[in-house]
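Worksheet for the structure shown next.
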Amino acid sequence: MGALIDVDEFAESLALHDRSHVALVGGGGKSTLLHSLGRSLPGTVVLSTTVKMGADQHGGHPVLLDPTDEEVVAAVMREPIVVWSRIDGQKAVGIDPIRCDRLAVSVDHLLVEADGARRQPFKAPASYEPAVPSTANVVAGVIGIEAIGKVIADRCHRPMRVAALAGVSPYERLTVAGAATVLAHERGQRASVPRGARYVVAATKISPAEIDLFTELAERLELAGIEAIGIRYADASASSALL
């Protein structure tokens, strides 16, 4: 069975060392996990995205827009910071994966949301997704547990791709077996994981009623050699805050 933890224990569960470059891909909960890591890790910490995210999802950290590398290094010595290229309406536009690779050399921890899911709890990537930096040494594939048991076309981003990888119709319900297949597939959440990087699955929004679902998912992933981490939430309001 995979580990079942509270969100503020996510960094500890990953057992990150003194330096890390973490990319979050997949479905619902990436931004919440990103900021949990940012709050928990010691040393110099930069949070960013290689895609787009809500401009309000800065976690209360200072935001630098299109800074120079020197400006990043100076600011991050004081506290964790968020680095974006610009803000476009209600969206923050991220930085290039190559820039992430360069910044990762200068800070202790670079944390990147490297995929978009349009607020759906699960997805399978398009051919050009996800935008994972080449030096990421940990990649977490995220699934909101509420996607399981729901019709794929209703609760998944890129439902045709999810269904194709799971071997079912997009108008069928996503099973635990189907979710595990997509999470383990090299054209699913494992797409673009750099050679040598650690890949884990983070299942979010787990209520007491869904622990058995997570246990089954973790067991299936373990057979594929993949570690699963379950993120539990004490009440519905906390669960709904996951974006």
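The values are calculated or read from the model by the stated rules, or taken from the named source; none is laboratory data. Just so it is clear, the structure is predicted and the values come from calculations on it, not from any experiment. We place every Cβ from the backbone using ideal geometry, glycine too, and count neighbours over all the protein chains shown. SASA here: full protein model, heavy atoms, side chains in, ligands and nucleic acids out. Shrake-Rupley method; radii C 1.70, N 1.55, O 1.52, S 1.80 Å.
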### Query
Which semi-axis lengths, in whole Å and largest first, follow from the square roots of five times the eigenvalues of the Cα gyration tensor of region 143-235?
19, 19, 11
### Query
Can you give the net charge of the other residues whose Cβ lies under 11 Å from the Cβ of Leu14, counting K and R as +1 and D and E as -1?
-2
#### Entry: Under Karplus coefficients 6.51, -1.76 and 1.60, residue-wise ³J(HN,Hα) of region 153-168 in Hz, glycine/proline x
5, 8, 10, 10, 7, 6, x, 5, 6, 4, 5, 4, 5, 7, x, 9
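How high is the FRET efficiency between Lys52 and Asp101 when r is their beta carbon distance and R₀ equals 22 Å, given to the nearest 0.05?
Working: r = 20 Å, r/R0 = 0.89.
Here the calculated transfer efficiency is 0.65.
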### Query
Between Rg and the Kirkwood Rh of region 1-96, both from Cα atoms, what is the Rg to Rh ratio?
0.97
### Task
Have a look at region 107-171 and give its Rg and Dmax from the Cα atoms, expressed in angstrom.
13.5, 45
### Task
Enumerate the whole-percent occupancy of each 5 Å bin, from 0 to the last occupied one, for all C-alpha pair distances of region 72-158.
2, 11, 20, 19, 18, 14, 9, 5, 2, 0
### Query
Once both labels are modelled 7 Å past Cα along the beta-carbon direction, what's the Ser85-Ile5 spacing in nm?
3.2
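For the chain, with every protein chain kept in place, what is the accessible area per residue (1.4 Å probe, Å²)? Provide the component values of the computation, followed by the final result.
Working: 10790 Å² over 243 residues.
Normalised by residue count, the accessible surface of the chain is 44 Å².
Tell me, in nm to one decimal, what length is gained between Arg173 and Arg118 on full extension, where the rule is 0.36 nm per residue of separation less the Cα-Cα distance?
Details: separation 55, 0.36 × 55 = 19.80 nm, distance 1.95 nm.
Full extension from Arg173 to Arg118 adds 17.9 nm.
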### Query
For the chain, what is the largest minus smallest coordinate of the Cα atoms on each principal axis, given in angstrom and ordered from greatest to least?
50, 36, 31
### Task
For region 159-211, just say rounded, prolate or oblate: build the C-alpha gyration tensor, square-root its eigenvalues into a ≥ b ≥ c, call rounded for a/c under 1.5, and beyond that prolate if a/b exceeds b/c, oblate if not.
oblate
### Query
For the residue pair Val63 and Ser207, what label-to-label distance in nm results when each label sits 7 Å from Cα along the Cα-to-beta-carbon direction?
3.2
### Overall form of region 57-201 per C-alpha gyration tensor (a/c, 1.5; a/b vs b/c)
prolate
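Which longest uninterrupted range of the chain lacks any chymotrypsin sites (Phe, Trp or Tyr not before Pro) assigned by DSSP to a loop state (not H, G, I, E or B) and surrounded by at most 11 other Cβ atoms within 10 Å?
Values: sites that count: Tyr128, Tyr171.
The longest uninterrupted stretch comes out as 1-127.
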